[in-house]
Amino acid sequence: MATHPIIFEWIQKYGITSLLNTPCGGSDCDVFLQNGIKHILGVNLGSTSTLYHVDGDLVSWKPIGGPWDAAYVNCIFCTTATGDKKTIAQNMASWPIRHILIYDTFTDYRWQEDFIAAGWQILDAHQSDASVVEIWGRAA
(Lines give C-alpha, C1' and ligand atoms only; values in the text may rest on other atoms or scores of the structure.)
Protein backbone atom coordinates (compact mmCIF):
# COMPACT_ATOMS: atom_id res chain seq x y z
CA MET A 1 0.00 0.00 0.00
CA ALA A 2 1.31 3.42 -0.88
CA THR A 3 0.05 5.79 1.79
CA HIS A 4 1.76 8.18 4.12
CA PRO A 5 1.97 7.12 7.81
CA ILE A 6 0.47 10.44 8.93
CA ILE A 7 -2.85 9.32 7.44
CA PHE A 8 -3.15 6.71 10.19
CA GLU A 9 -2.34 9.34 12.84
CA TRP A 10 -5.13 11.54 11.51
CA ILE A 11 -7.57 8.61 11.47
CA GLN A 12 -7.01 8.31 15.23
CA LYS A 13 -6.86 12.05 15.94
CA TYR A 14 -10.11 12.87 14.13
CA GLY A 15 -12.03 9.76 15.21
CA ILE A 16 -12.46 8.37 11.70
CA THR A 17 -13.93 4.86 11.78
CA SER A 18 -15.68 4.66 8.40
CA LEU A 19 -13.86 5.36 5.15
CA LEU A 20 -14.45 5.61 1.42
CA ASN A 21 -11.20 4.54 -0.27
CA THR A 22 -11.21 6.43 -3.56
CA PRO A 23 -9.91 5.30 -5.97
CA CYS A 24 -9.08 1.97 -4.47
CA GLY A 25 -5.93 0.18 -5.49
CA GLY A 26 -6.69 -3.25 -4.07
CA SER A 27 -5.39 -4.56 -0.77
CA ASP A 28 -5.03 -1.13 0.84
CA CYS A 29 -8.57 -1.51 2.26
CA ASP A 30 -7.25 -4.35 4.41
CA VAL A 31 -4.47 -2.08 5.71
CA PHE A 32 -7.01 0.56 6.73
CA LEU A 33 -9.07 -2.10 8.51
CA GLN A 34 -5.94 -3.08 10.44
CA ASN A 35 -5.38 0.56 11.45
CA GLY A 36 -8.61 1.68 13.12
CA ILE A 37 -11.16 1.72 10.32
CA LYS A 38 -14.26 -0.34 11.16
CA HIS A 39 -16.32 0.18 7.97
CA ILE A 40 -14.76 0.66 4.51
CA LEU A 41 -15.83 0.84 0.90
CA GLY A 42 -13.28 0.76 -1.91
CA VAL A 43 -14.43 2.71 -4.97
CA ASN A 44 -12.71 1.21 -8.01
CA LEU A 45 -12.36 2.94 -11.34
CA GLY A 46 -12.28 -0.47 -13.04
CA SER A 47 -14.44 -3.53 -12.67
CA THR A 48 -14.06 -5.58 -9.50
CA SER A 49 -15.68 -8.37 -7.55
CA THR A 50 -13.51 -7.86 -4.44
CA LEU A 51 -15.17 -7.86 -1.02
CA TYR A 52 -16.28 -4.38 0.16
CA HIS A 53 -15.53 -2.78 -3.22
CA VAL A 54 -17.78 -1.17 -5.82
CA ASP A 55 -17.19 0.09 -9.34
CA GLY A 56 -17.46 3.85 -9.48
CA ASP A 57 -16.69 6.66 -11.87
CA LEU A 58 -15.66 9.46 -9.52
CA VAL A 59 -17.00 12.07 -11.94
CA SER A 60 -20.56 11.15 -10.92
CA TRP A 61 -20.46 8.37 -8.27
CA LYS A 62 -22.05 9.23 -4.90
CA PRO A 63 -21.51 7.43 -1.56
CA ILE A 64 -23.88 4.69 -0.49
CA GLY A 65 -24.17 2.57 2.65
CA GLY A 66 -23.17 5.37 5.00
CA PRO A 67 -22.90 7.43 6.99
CA TRP A 68 -19.21 7.84 6.20
CA ASP A 69 -16.67 9.74 8.32
CA ALA A 70 -14.17 10.36 5.54
CA ALA A 71 -12.95 9.74 2.02
CA TYR A 72 -9.32 8.85 1.34
CA VAL A 73 -8.17 10.16 -2.05
CA ASN A 74 -4.90 8.76 -3.41
CA CYS A 75 -3.41 10.43 -6.50
CA ILE A 76 -6.75 11.03 -8.22
CA PHE A 77 -5.74 14.58 -9.18
CA CYS A 78 -2.21 13.75 -10.37
CA THR A 79 -3.26 11.22 -13.02
CA THR A 80 -4.76 11.86 -16.44
CA ALA A 81 -6.78 8.68 -16.86
CA THR A 82 -9.52 9.51 -14.35
CA GLY A 83 -11.60 12.08 -16.21
CA ASP A 84 -12.24 15.77 -15.68
CA LYS A 85 -10.41 16.70 -12.47
CA LYS A 86 -12.60 19.72 -11.73
CA THR A 87 -15.78 17.65 -11.95
CA ILE A 88 -14.21 14.93 -9.76
CA ALA A 89 -13.17 17.50 -7.12
CA GLN A 90 -16.60 19.14 -7.13
CA ASN A 91 -18.33 15.76 -6.89
CA MET A 92 -16.18 14.63 -3.94
CA ALA A 93 -16.62 18.00 -2.20
CA SER A 94 -20.40 17.45 -2.32
CA TRP A 95 -20.30 14.10 -0.51
CA PRO A 96 -21.99 13.91 2.92
CA ILE A 97 -18.79 13.15 4.85
CA ARG A 98 -16.89 14.90 7.69
CA HIS A 99 -13.33 14.67 6.31
CA ILE A 100 -11.38 14.27 3.10
CA LEU A 101 -7.88 12.77 3.36
CA ILE A 102 -5.71 13.64 0.35
CA TYR A 103 -2.46 11.94 -0.63
CA ASP A 104 -1.36 13.35 -3.96
CA THR A 105 1.68 14.29 -5.94
CA PHE A 106 1.99 17.94 -6.85
CA THR A 107 0.05 18.88 -9.94
CA ASP A 108 -0.80 22.02 -11.90
CA TYR A 109 -4.49 21.46 -11.21
CA ARG A 110 -5.64 23.42 -8.13
CA TRP A 111 -8.30 21.07 -6.74
CA GLN A 112 -8.04 22.87 -3.36
CA GLU A 113 -9.98 25.79 -4.81
CA ASP A 114 -12.92 23.48 -5.58
CA PHE A 115 -12.94 22.16 -2.01
CA ILE A 116 -12.80 25.67 -0.50
CA ALA A 117 -15.63 26.84 -2.77
CA ALA A 118 -17.74 23.94 -1.47
CA GLY A 119 -17.18 24.89 2.19
CA TRP A 120 -14.12 22.83 3.14
CA GLN A 121 -10.96 23.92 4.94
CA ILE A 122 -7.57 22.34 5.56
CA LEU A 123 -7.28 20.97 9.10
CA ASP A 124 -3.72 19.65 8.86
CA ALA A 125 -1.09 19.21 6.16
CA HIS A 126 2.25 17.55 5.51
CA GLN A 127 4.36 18.18 2.43
CA SER A 128 7.48 16.64 0.99
CA ASP A 129 9.35 17.35 -2.21
CA ALA A 130 7.10 15.10 -4.27
CA SER A 131 3.72 15.00 -2.54
CA VAL A 132 1.13 16.66 -0.37
CA VAL A 133 -0.84 14.97 2.41
CA GLU A 134 -3.81 16.93 3.76
CA ILE A 135 -6.90 16.40 5.86
CA TRP A 136 -9.88 18.63 5.13
CA GLY A 137 -12.99 19.29 7.22
CA ARG A 138 -16.17 21.25 6.76
CA ALA A 139 -15.63 24.97 7.43
CA ALA A 140 -17.50 26.27 10.47
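The values are calculated or read from the model by the stated rules, or taken from the named source; none is laboratory data. Computed from a prediction, not measured in an experiment: that's the story for all the values here. Here Cβ is always computed from backbone atoms with ideal geometry, including for glycine, and neighbour counts include all displayed protein chains. What goes into the accessible areas is simple: the full protein's heavy atoms, side chains included, and nothing from ligands, DNA or RNA. Shrake-Rupley method; radii C 1.70, N 1.55, O 1.52, S 1.80 Å.
Report yes if ASN91 is at pLDDT 85 or above, among the polar types (S, T, N, Q) and surrounded by 14 or more Cβ atoms within 10 Å (Cβ to Cβ), otherwise no. Answer is yes for this residue. Every residue in region 121-138 that is outside any strand (DSSP E or B) and open to solvent by less than 70 Å² (accessible area, probe 1.4 Å), please. Those that are outside any strand (DSSP E or B) and open to solvent by less than 70 Å² (accessible area, probe 1.4 Å): SER128, ALA130. Restricting attention to region 9-40, the residues that are without any contact (Cβ under 8 Å) to a residue 60 or more places away in the chain, outside any strand (DSSP E or B), more than 16 Å from ASN74 (Cα to Cα) and open to solvent by less than 20 Å² (accessible area, probe 1.4 Å) add up to 1. Among the residues of region 99-111, those identified as free of Cβ contacts under 8 Å to residues at least 60 places away in the same chain, out of contact with any Ser or Thr (no Cβ under 9 Å at 6 or more places or on another chain) and under 20 Å from LEU19 (Cβ atoms) are ILE100, ILE102, TRP111. Applying a threshold of 6 Å to beta carbon distances and a minimum spacing of six or more residues, or different chains, the list of pairs starting in region 112-129 at a residue that is farther than 12 Å from LEU101 by Cβ and ending at one that is assigned to a loop (DSSP other than H, G, I, E, B) and open to solvent by less than 60 Å² (accessible area, probe 1.4 Å) reads GLY119/ALA139; GLN121/ALA139.
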